[in-house]
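The values are calculated or read from the model by the stated rules, or taken from the named source; none is laboratory data. Computed from a prediction, not measured in an experiment: that's the story for all the values here. Virtual Cβ from ideal backbone geometry, glycine too; neighbours counted across all protein chains shown. What goes into the accessible areas is simple: the full protein's heavy atoms, side chains included, and nothing from ligands, DNA or RNA. Shrake-Rupley method; radii C 1.70, N 1.55, O 1.52, S 1.80 Å.
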Amino acid sequence: MNSQADWAQAASQLPQQMAQGWAQALESFQRMAGATPGSLAPTPTIGFDTNRLQELQQAYVREAAELWNRSLQPGGGAADRRFASEAWTSNPVSGFSAAVYLLNARTLLGLVEASEADEKTKSRLRFAVEQWLAASAPSNFLALNPEAQKKAVETKGESIARGLQNLWRDIQQGHVSMTDESAFEVGRNVATTEGAVVFENALFQLIEYKPLTAKVHERPFLVVPPCINKFYILDLQPENSLVRFLVEQGHRTFVVSWRNADDTLQDATWDDYVGEGALCAIETVRAIANTQQINALGFCVGGTILGTALSVLRARGDDPVASVTLLTTFLDFSETGVLDLFIDENFVKLREAQMGKRGLLKGQELASTFSFLRPNDLVWNYVVGNYLKGETPPPFDLLYWNSDSTNLPGPMYAWYLRNTYFENNLAKPGKLTVCGQKVDLGKVDMPAYIYGSREDHIVPIAGAYASVNHLSGKKRFVMGASGHIAGVINPPAKKKRSYWTNTKLPRSFDEWLAGATEHPGSWWTDWSEWLKPHAGKQVPAPKSYGRGKYKAIEPAPGRYVQAKA
């Protein structure tokens, strides 16, 4: 503005401009509501609560006027870490753009809450709005990001050149870099616990780990990790390796290393993953250890596969597993959280048509889905750093693992999608037939240790807890702090976080939580004490890998885990 009069004239026109902007925003929002994720058909026109809408409009106009009046003052977005740096807070124009963005974000999310829709539709709207807001933040654009501009000036344009190089590299590799992937190599500085592959088939390799104690428990321990990720999240570094922890506690430890599905596995089914996967692994471990029973652990989808396998075994009258541990696992898919937004009849039918008979679900598609559940942290944060600022993200083993995606066979994935997330058939006794047996989780009656993470966005804590209502044996449920991965990988030596226990197991998680007791530190120690009575007597540790026909094939971590998607 060149004069006070010009400024006053602009200010007087502001309420009318805000009202027009509000009407346009409302119209755009209603158009957005017609194309929610997970559905092939448009959602019917959505109405709004009139009183809430009026309150929202008044608040928007009032806050917009306040922003305009202080628009030449520094600050405005410092409460959001994307706009908290000195470059943003000291620049009035940048601070104003951040504040306007945050106002619009609050208003659009308020519109979601004011909409008159069923809860699933409202959740889909919220997800769509959050994705759009995350993508449209001023921090994501070089022309609006003062940090990136400052760096470009300071480096005389080198940061822009490096950013373009980073962009080209990520285009070639097919995903946004979250870490310096050149710093890691599986078997060299991740997945380094000593062991050997003692069995393999088309679906998995079985790794036996070298004992670290003179004696081991009589019953060996089998770990079934998820097949949608690689197993070495449980063996990143010696100091945070759950695998090494088990070995140090005197358990003869075996781990399933799933094959990264390729064209030869395009026909593989859920029955294959249960029969040729978990059931085969259980029998192989029993044969190698020459024991009647073993203990077993399933993590995430690995727990769902293991739970199905145990139901099949009990239907056959077999009892080879003395105890089961389930980590952040769904057996009952009635409370699946944000992932439920993507899944309806149209989506499931589309997937079945695409790959229900044959095909592959590419690992990058799965990885992108999970990343966009937290878009600011797992997508746009790296877009800004890698491309606008020309930075190389620091080495971080967990993020390296997160980027090491895996493919899934189409028929297995399509079956899983319909019978778990969409129809929840696994939780219905006798509804499903797997490996020739009716599935009834109520017949899974061995002692069970069930763990859920409080802030888990993939397996919400209530969904993890729901397993206690289906398994019929003696159960212990424990909740850990943090999320899907960080909650599980919490070694005792770090003395971090907390866990909660409750000897009573009421029907609902909320009731359980109301009576739970918090304990400082890692849940691993609680689990270790629970596991000891089920592990059997101490016997001399084996001097070599395998037994009889099961001999060492190659050193751990094996070649299956090395294959890239």
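Values for this structure:
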| item | result |
| --- | --- |
| Accessible surface, per residue, of the chain when the full set of protein chains is kept, probe 1.4 Å, Å² | 44 Å² |
| From phi via Karplus (6.51, -1.76, 1.60), per-residue ³J(HN,Hα) for segment 514-523 in Hz, x at Gly/Pro | 4, x, 7, 10, 8, 10, x, x, 8, 5 |
| At 0.692 mPa s and 37 °C, Stokes D of segment 277-372 from Kirkwood alpha-carbon radius, µm² per second | 206 µm²/s |
| Cβ-placed point charges (K, R +1; D, E -1), dipole of the chain about Cα centre in debye, nearest 20 | 1400 debye |
| Convex hull volume of segment 84-235 per residue (C-alpha atoms, cubic angstrom) | 247 Å³ |
| Average projected area [Cα convex hull, segment 217-322], square nanometres | 7.0 nm² |
| Longest to shortest principal axis, alpha-carbon extents of segment 329-414, angstrom | 43, 28, 24 |
| Whole-Å semi-axes of the ellipsoid equivalent to segment 315-366 (Cα gyration tensor, √5λ, descending) | 29, 18, 13 |
| In degrees, nearest ten, helix 50-69 long axis to first principal axis of the chain (Cα) | 60 degrees |
| Amide H within-cut-off set for V321, under 5 Å, with H built and near neighbours excluded | I294 |
| Part-to-part distance (alpha-carbon centres) for segment 459-482 and segment 253-300, which is given in Å | 23 Å |
| Calculated [θ] (222 nm, deg cm²/dmol) that DSSP helices of n ≥ 4 give over the chain, each run adding -39,500 (n - 2.57) | -11500 deg cm²/dmol |
| For K475, distant residues with modelled amide H under 5 Å away | A448 |
| Carbon plus sulfur fraction of accessible area for the chain, probe 1.4 Å, in percent | 52 percent |
| Rounded tilt (10° steps) of 4-33 against the dominant C-alpha axis of the chain | 40 degrees |
| Evaluated at q = 0.10, 0.12, 0.14 Å⁻¹: base-10 log I(q)/I(0), Debye formula over Cα of segment 389-506 | -0.46, -0.65, -0.84 |
| FRET efficiency, K431 to E248 (Cβ-Cβ, R0 45 Å, nearest 0.05) | 0.60 |
| Spin-label pair N290/N346, simplified geometry with 7 Å Cα→Cβ offset, distance in nm | 6.2 nm |
| Per-selection Kirkwood Rh - the chain (Cα, Å, 1 d.p.) | 26.2 Å |
| Estimated vicinal HN-Hα couplings, Hz - segment 132-146 in sequence order (Karplus 6.51, -1.76, 1.60; Gly, Pro = x) | 5, 5, 4, 6, 9, 4, x, 5, 7, 10, 4, 5, 10, 9, x |
| Relative packing of 397-409, 434-446, 110-122, which averages over residues the other C-beta atoms within 10 Å, highest first | 397-409, 434-446, 110-122 |
| Other-chain or far-sequence residues with amide H under 5 Å of F204's (modelled H) | R259 |
| Exceeding the 31 Å Cα-Cα cut-off - candidates K443/K504; K362/K496; K431/K551 | K362/K496; K431/K551 |
| Karplus 3J(HN,Hα) series, Hz, for segment 154-165 with 6.51 cos²θ - 1.76 cosθ + 1.60 (x for Gly, Pro) | 5, 9, 6, x, 5, 5, 5, 5, 5, x, 5, 5 |
| Stretch gain in nm, segment R188-D510, where the contour uses 0.36 nm per residue and the Cα spacing is subtracted | 111.5 nm |
